[in-house]
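Undergrad: Next up is a structure, given as structure tokens.
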Amino acid sequence: MSNSNLAHAEAVVRKALLNVHSYDVSVDLRHVQDLQQPGFPTRSTISFAAAVEGTGTFLDFLGLSVESVELNGTQLDVAQAFDGARIHLPALAHENVVTVHATAAYSSSGEGLHRFVDPADGEVYSYTQYEPADARRVFANFEQPDLKAPFTFHVTAPAAWEVASNQSVDSFTSLEENTVGQWDFAPTLPISTYITTLLAGPYFRAEDSFCMTFTADSAQPGTTLHIPLAAYCRASLAENFDSAAIFAVTKAGLQYFNELFDYPYPFGKYDQAFVPEYNLGAMENPGLVTFTESYIHASRATDTQYQQRANTIMHEMAHMWFGDLVTMSWWDDLWLKESFADFMGHLAVADATDWGPKSWTLFASRRKTWAYVQDQLPTTHPIVANIAHLEAAKQNFDGITYAKGASVLKQLVAYVGQDAFIAGARAYFRAHAFSNTTLNDLLLPLSDATGRNLSSWAASWLQTAGISTLSGELDTRDGKITDFTIIQEAIDPVTGQAALRPHRLGVGLYNLDQTGALVRTNAVLVDVVGARTAVPELTGQNAPALLLLNDDDHSYAKVRLDARSLQTALTHLNRMVDPLARSLVWSALWNATRDAVLPAEHYVRAVCAHARGEADIALLQSVADNAVFALSHYCPQAARGRVRQTLLAAVVSHLNAAAPGSDEQLVWARTLAALGRGTDDAVPPIRALLDGSGVPDGLQVDSALRWLLWEALAARGQATFVELDAELAAQVTAQTRASRVRAGASLPDADVKAQAWASAVADVVLTNELLSATVEGFKIGNSSLLAPYAEPYFAALNNIWEERSIEIAARLVRGLFPGHQDLTPGNNPLAHPVLVRTDAWLATNSQASSGLRRLVVEQRDHLLRALTAQAAGVETLTN
């Protein structure tokens, strides 16, 4: 194991030894605009106590060099102290002060301090991103979440720039004839290294403020809270920066969470920065939250996209309490912040914004789908995971930790009641403010508040892996239900043992009314326990047209529709009135398609028949995306052409029929572009949208949509470099540049693919965003173009993992896996050459990094699932 890959066992030892008093950190970015400079000076002064005098420990630092290390007034021999990842500190006193002068590297991968050159105006921007352990790329520190301390930051940068950090500016000093400035920030409250942050560049800044007074029945009656607000974006995006809308959501969230948690927001100001080439959706740095700037829409966006931004704003704000105020001790309890933030973000959007119940439809159609996919991989894990080291921690920011955890919390709230749940959370904050916690630290106040011992619930839901499948065993006579039993099947893939979980869920009975609408006519709430749960409340009821398990989406499980309900869904789904119920039925159909229970063609035809006019745009976008994916991955090659024609005709028809200027219209236009990558039949309508000859009334064919259309044409060989360059010249932005790279790499030309492969694998000059664009474009192509790269992929894996940062390596390992394959003669998925080659690599690389093996195993499973679905489709065609 590399010494940069901190093990949990090492962190436990260091935590027992150290008590960190404070950090004082200086970062010198005065030459950041000189792109020939690979790094920048950084200084850390750390005051800390050691429990055992005379023992040693180490600091973490990943950078270009260490110039000096002074421990308690003595200069250490740098050659002996620094091994490339750790600075070893020998013979500690009881109280210690260490100062490290070093040179850190500018990042182009989004890890550490990222430097970005705006192609629109040539301006240089920088920001930091650390989670889980990249603060050590900017300054020497004790890089683990349970060694909290106050931080005082000092930044030297061009004087005209905006510079920000977790705290407000304490003082500013002009240097070098006012061309350079030094910003000295106030000390933070005790926080973990991974949520410290710096921002420096010619950013546009908007300002506002929030004020509230706590009511008489709160824990701090009459207390007035005043929070300065700021929002940042690149100067070239300022004209599209809807800061007023961002501040409106921010204020609604601050009001909501301060009242809900009854613990005042503790971190002073609340800044939000929207930054380029960001690897995440956002990061909860207290006092300065960072977001991907893709949330700033220069082109037409749907209401759902704005809702998703609001959800992310609320998610990060919930972290101020769950994660920043109270932080997990180690990454195995990552769920203590991410699961809660995911749930609380959706709850806040539902309760405190105009999107209301749409928040839970978005949750059901997007977040839970992510969880269901992740939880069926061979690498799934319990929500409370066993994280042995930092490399494993990096990969556990996944659908289990976020969406499954949030789903389980949603069920817990349904089980114990929201008031009791929030009372437990309030007690948790008061007991553990500014400290670190584990699972039991949360279960105790929740158990006290709810009056229930939650240890068995935690064992069932948090400490087992895998997903339950629920189906109904329905007996009827003369149109009446004589017996109904819920069947639960669940195996923990980690242990191989049964993992039957308690579920509180609704059972909804749906029928067609006199107008033809599919409406709920009855419902019961059931506690499912064990493998079989009888539901006597339904005995004697009229047999419904559709029976929906997990109605209202309280629980987390795959749901199978019985034969009659499936037939009703496939024929009348567009008549189901309730959007959440529609979402749950679509989810059941999609899970059945992924599991090769429902032929992919049936799902695609359902989308063709029932998605038109869908009012919930989040749901519409999901099912449209699923249809395109099912066509290309799950539909057997023999049927694909016919199914593609059916889907293309429906998409064009729905596009032309959609209300002018509506979100639905935009979704169908985007779907046309996505579908167009796979067929020349889409070229004429795409060309007509681009040249203006066939644009439906109200559709804005703006920059974002135009590039989706150009990417489709390029993938079919129907665009030239000259055309793509002309489109880029019309508007040069970071987004259009990435689109140009993606479109260019997708051209079906052997030389183009060779160049894209070399740029991604051999070269190291591409930034994270341009690397992803190159890989995405490269993957688009027919099998004859891409087949020659299967063997080079497996040959390059170990070098990629050893030579690239974990972020970039993971993008390459996932993105370049030859996973888009068709069944070979004989229709045996396990005999497919790529699957066989993957198994051979895994067998001969048993000692490879666990993180690398995990990614390869996951890609193998995605391929096997696709081939299995194709095989099932072939069997359906044969029969």
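Undergrad: Any idea what angle helix 418-432 forms with the longest principal axis of the chain, computed on alpha-carbon atoms, 0 to 90 degrees, nearest 10?
TA: So the helix axis and the longest Cα principal axis differ by about 20 degrees.
Undergrad: Placing +1 at every Lys and Arg Cβ and -1 at every Asp and Glu Cβ, with all other atoms neutral, what dipole size does the stretch 787-836 have around its Cα centre, in debye to the nearest 20?
TA: With Lys and Arg at +1 and Asp and Glu at -1, about 100 debye.
Undergrad: Something else about it: Which chymotrypsin sites (Phe, Trp or Tyr not before Pro) does the stretch 353-424 hold that lie in a coil by DSSP with at most 16 other beta carbons within 10 Å? Show your work: numbers first, answer last.
TA: Numbers: sites: TRP355, TRP360, PHE363, TRP370, TYR372, PHE397, TYR402, TYR415, PHE421; in loops: TRP355, PHE397.
In loop regions of the stretch 353-424 (DSSP not H, G, I, E or B), the sparsely surrounded chymotrypsin sites (Phe, Trp or Tyr not before Pro) are PHE397.
Undergrad: What accessible area, in Å² to the nearest ten, does a 1.4 Å probe give for HIS820?
TA: Accessible surface of HIS820 is approximately 100 Å².
Undergrad: Sticking with this one: Relative contact order of the stretch 1-107, please, whole-number percent, based on alpha carbon pairs below 8 angstrom and at least 6 residues apart.
TA: Result for the stretch 1-107 is 33 percent.
Undergrad: Give the carbon-plus-sulfur fraction of the accessible surface of the stretch 715-834 in %, rounded to a whole number; probe 1.4 Å, heavy atoms of protein chains only.
TA: 56 percent
Undergrad: Give the Rg/Rh ratio for the stretch 577-700, taking Rg as the radius of gyration of the Cα atoms and Rh as the Kirkwood radius, to two decimals.
TA: 0.97
Undergrad: Follow-up question, since we're still on this one. What figure in square angstrom, to the nearest 10, would you give for the accessible area of GLU776 with a 1.4 Å probe?
TA: 90 Å²
Undergrad: Now a separate question. What span do the alpha-carbon atoms of the stretch 726-879 cover on each of the three principal axes, reported in whole Å from largest to smallest?
TA: Here the Cα extents, ordered largest to smallest, are 53, 41, 23 Å.
Undergrad: Nearest 20 debye, what's the magnitude of the dipole of the stretch 665-722 about its Cα centre given +1 on Lys and Arg Cβ and -1 on Asp and Glu Cβ?
TA: Result for the stretch 665-722 is approximately 140 debye, rounded to the nearest 20.
Undergrad: Additional query: Limiting things to C-alpha atoms, what are the Rg and the maximum Cα-Cα separation (Dmax) for the stretch 181-274, in angstroms?
TA: Looking at the stretch 181-274, its Cα Rg and Dmax stand at 15.4, 47 Å.
Undergrad: On a 0 to 90° scale, report how tilted helix 768-779 is relative to the longest principal axis of the chain, with both axes built from alpha carbons and the result rounded to the nearest 10.
TA: Value to nearest ten degrees: 30.
Undergrad: Could the peptides 797-807, 304-314, 318-328 be put in order, highest first, of the mean number of other beta-carbon atoms found within 10 Å of their residues?
TA: Details: 797-807: 16.9, 304-314: 22.5, 318-328: 24.6.
The most tightly packed comes first, giving 318-328, 304-314, 797-807.
Undergrad: From largest accessible area down, sort VAL695, VAL27; use a 1.4 Å probe on the protein chains.
TA: From most exposed to least exposed: VAL695, VAL27.
Undergrad: Hey, can you find the accessible area per residue of the stretch 459-584 for me, probe 1.4 Å, expressed in square angstrom? Don't skip to the end; give the middle numbers.
TA: Values: 5430 Å² over 126 residues.
Per residue, the stretch 459-584 has 43 Å² of solvent-accessible surface.
Undergrad: Put +1 on the Cβ of each Lys and Arg and -1 on the Cβ of each Asp and Glu in the stretch 115-226; which of THR197, LEU175, ALA164 then has its Cα farthest toward the positive end of the dipole?
TA: THR197
Undergrad: Which residue, chosen from SER365, VAL836, ILE87, occupies the Cα position most advanced towards the positive end of the dipole of the chain, where the dipole is computed from +1 (Lys, Arg) and -1 (Asp, Glu) charges on Cβ about the Cα centre?
TA: VAL836
Undergrad: Computed over the Cα atoms, what is the radius of gyration of the chain divided by 2.2 N^0.38 Å, N being its residue count? Before the final figure, lay out the partial values.
TA: Values: Rg = 27.7 Å, N = 879, 2.2 N^0.38 = 28.9 Å.
In units of the globular-protein estimate, the chain measures up at 0.96.
Undergrad: Right, something else. With an 8 Å Cα cut-off and a minimum separation of 6 or more residues, compute the relative contact order for the chain in percent.
TA: Once divided by the residue count of the chain, the mean separation gives 8 percent.
Undergrad: Which order do GLU259, GLU769 take when ranked by solvent-accessible area (1.4 Å probe, heavy atoms of all protein chains), largest first?
TA: Largest to smallest exposure gives the sequence GLU259, GLU769.
Undergrad: Report, to the nearest 10°, how far helix 303-319 tilts away from the longest principal axis of the Cα atoms in the chain, using its own Cα long axis and a range of 0 to 90°.
TA: For 303-319 against the chain, the angle is about 40 degrees.
Undergrad: Shifting gears a bit: Heavy atoms only, probe 1.4 angstrom, no DNA, RNA or ligands counted: give me SER365, SER65 ranked by accessible area, highest first.
TA: My answer, sorted largest first, is SER65, SER365.
The values are calculated or read from the model by the stated rules, or taken from the named source; none is laboratory data. Remember, predicted model here, so these are calculated numbers, not experimental data. Heads up, the Cβs are rebuilt from the backbone with ideal geometry, glycines too, and the neighbour counts pull from every protein chain shown. Areas reflect the complete protein model, heavy atoms only, side chains present, ligands, DNA and RNA absent. Shrake-Rupley method; radii C 1.70, N 1.55, O 1.52, S 1.80 Å.
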